[in-house]
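Undergrad: Encoded as structure tokens, here's the structure I'll be asking about.
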Amino acid sequence: MSARILNGNEIRDQIKSEVSAELKQLQESGIRPGLAVILVGNNPASEIYTRNKVKSCESLGIYSERLILPETTKTEELLIRVEELNRREEIDGILVQLPLPSQVDSKRVLLAVDPQKDVDGFHPVNLGNLLSQRPGLVPCTPAGILEILKRSGIPIEGQRAVVIGRSDIVGKPVALLLMHHNATVTICHSRTRDLPAVCREGDILVAALGKAGMVTAQYVKPGATVIDVGISQLTQLADVERFFSGNAKRMEEFEKKGATLIGDVDPASVMPVAGAITPVPGGVGPLTIAMLMVNTVRAARLRRAAYPAPVPS
Ligand code: GUN
């Protein structure tokens, strides 16, 4: 037996076509949502992520701009930029790409974003709204995970869900969303005793710990749905061989590019045990950007009382 692959690219395309229809409607009312993405410094991954976010806006006809600031940018300078964007009428969404350089007080910056324009859903007001199930903007990756589960027909209500990782960006919000959909949720972290045994209780296992290929078959209940949120680059031949020795396509990719991607899950180990699994790449990643588009349109509606946004389920 081998797990069913949950194709994030297909689900992203579905969601983007729904967003496209909504954008047409808004356009008829003279509304064009706008997103501003702030990138500070030269983190190569952030460079790619922010470029892809802007590209996705362009493909849908959402107005977008990317503000690139030097690595040496200070908190105060960044706060001024955020305030400017808060005031601009044509900007509905503001995204400050993380991580920020170490001299920047990230929490202060995220707090400065107008909660109505906080398309990342990282502002404490939006996290509070999520906690108390009020309308607001929900963090993109957790929202994307719920879309994968729902659109793939994976039951959530009454299921045991185990989340590995307790970050503010993924672990905590996805646990809340799963709980709001009536799963029984356990959050695990680096100090959890007998982590594999706890994980094996999960009908749904969300791996968001940020350790390449750490989740193996011994973490997975037979038939469970495994959601892999991690993304790491393997650049050493020994590592690539460890995870992908039987995978000609991956070995070839590594030979050509000198790197290949892996999530937090060891796919060769987990595939025979899991019932369904999100691949890396092509699983959760595409949904994060799709949900950013959803949030940008939602933010545009939220700011205009005449075009109320539906309450997210
Ligand atoms: N860095 C990694 N993921 C994210 C995300 O979803 N939003 C932002 N702003 N930064 C990130």
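Quick note: the coordinates plus some simple rules give every number you see, no bench work behind them. Being a predicted model, the structure only gives us computed values, none of them experimental. When we count neighbours, we look across all protein chains shown, and the Cβ atoms used for this are built from the backbone with ideal geometry, even at glycine.
Undergrad: Please report the antiparallel percentage of DSSP beta bridges with both residues in the chain, rounded to the nearest 5. Spell out each step's value before the answer.
TA: Values: 3 of 32 bridges.
Beta bridges within the chain, antiparallel portion: roughly 10 percent.
Undergrad: In addition: If you place +1 on the Cβ of every Lys and Arg and -1 on the Cβ of every Asp and Glu, how big does the dipole about the Cα centre of the chain come out, in debye to the nearest 20? Show your work: numbers first, answer last.
TA: On the way: 36 positive and 34 negative charges, 81 e Å.
Computed charge dipole of the chain: roughly 400 debye.
Undergrad: Net charge near residue 92: determine it from the other residues with C-beta under 15 Å of the C-beta of residue 92, scoring Lys and Arg +1 and Asp and Glu -1.
TA: Its environment carries a net charge of +1.
Undergrad: If you don't mind, there's one more thing I want to ask. For 50, 235, 225, what ranking results if the residue with the fewest other Cβ atoms within 10 Å of its Cβ goes first?
TA: Ordered by Cβ neighbours within 10 Å, fewest first: 235, 50, 225.
Undergrad: Would you mind pulling out the separation of the Cα centroids of region 184-257 and region 94-171, in Å?
TA: 22 Å
Undergrad: Hey, fewest Cβ within 10 Å first, where do 94, 15, 80 land in order?
TA: 80, 15, 94
Undergrad: In sequence order, what are the phi-derived ³J(HN,Hα) couplings for region 52-63 according to the Karplus relation 6.51 cos²θ - 1.76 cosθ + 1.60 with θ = phi - 60°, rounded to whole Hz, with x for glycine and proline?
TA: Couplings: 5, 5, 5, 4, 5, 4, 4, 5, 9, x, 8, 5 Hz.
Undergrad: For the chain, modelled as a Gaussian network with Cα springs under 10 Å, which listed residue fluctuates most, 256, 172, 117?
TA: Taking springs between Cα atoms under 10 Å, the residue moving most is 256.
Undergrad: Follow-up question, since we're still on this one. Please give, to one decimal in nm, the separation of the simple spin-label points placed at residue 201 and residue 59, each 7 Å out from Cα toward the Cβ.
TA: Going by the 7 Å Cα→Cβ label model, 4.0 nm.
Undergrad: Label-point separation (nm) for residue 80 and residue 245, each offset 7 Å from Cα along Cα-to-Cβ?
TA: My value for the distance between the label points is 5.8 nm.
Undergrad: Next question. Could you state, as a whole-number percent, how many of the C-alpha pairs of region 157-225 are farther apart than 14 Å?
TA: Everything past 14 Å amounts to 53 percent.
Undergrad: So if each residue of separation counts as 0.36 nm, and I subtract the Cα-Cα distance between residue 48 and residue 21, what length gain in nm does that give? All intermediate terms of the calculation are to be shown ahead of the outcome.
TA: Working: separation 27, 0.36 × 27 = 9.72 nm, distance 2.71 nm.
Length gained between residue 48 and residue 21: 7.0 nm.
Undergrad: Identify, among 261, 72, 21, the residue whose Cα sits farthest towards the positive end of the charge dipole of the chain, taking +1 on the Cβ of Lys and Arg and -1 on the Cβ of Asp and Glu, with the dipole about the Cα centre.
TA: 21
Undergrad: OK, next. Kirkwood Rh and Cα-based Rg: tell me the resulting Rg over Rh for the chain, rounded to two decimals.
TA: 0.97
Undergrad: Same structure, new question: Between residue 180 and residue 108, what is the label-to-label distance in nm when each label sits 7 Å out along the Cα-to-Cβ direction?
TA: Once both label points are built, they end up 3.1 nm from each other.
Undergrad: What is the helix-to-structure angle for 75-87, meaning the angle in degrees between its Cα long axis and the longest Cα principal axis of the chain, kept from 0 to 90 and rounded to the nearest 10?
TA: 60 degrees
Undergrad: Find the lysine pairs in the chain meeting two conditions, Cα atoms under 18 Å apart and a separation of 8 or more places or different chains, and report how many there are.
TA: 10
Undergrad: Next question, about the same structure. Let me know the charge dipole size of region 1-95 about its Cα centre in debye, to the nearest 20, where only the beta-carbon of Lys, Arg (+1) and Asp, Glu (-1) is charged.
TA: Roughly 300 debye for region 1-95.
Undergrad: Using alpha carbons only, how many degrees (0 to 90, rounded to 10) separate the axis of helix 8-28 from the longest principal axis of the chain?
TA: That helix lies at roughly 10 degrees to the long axis.
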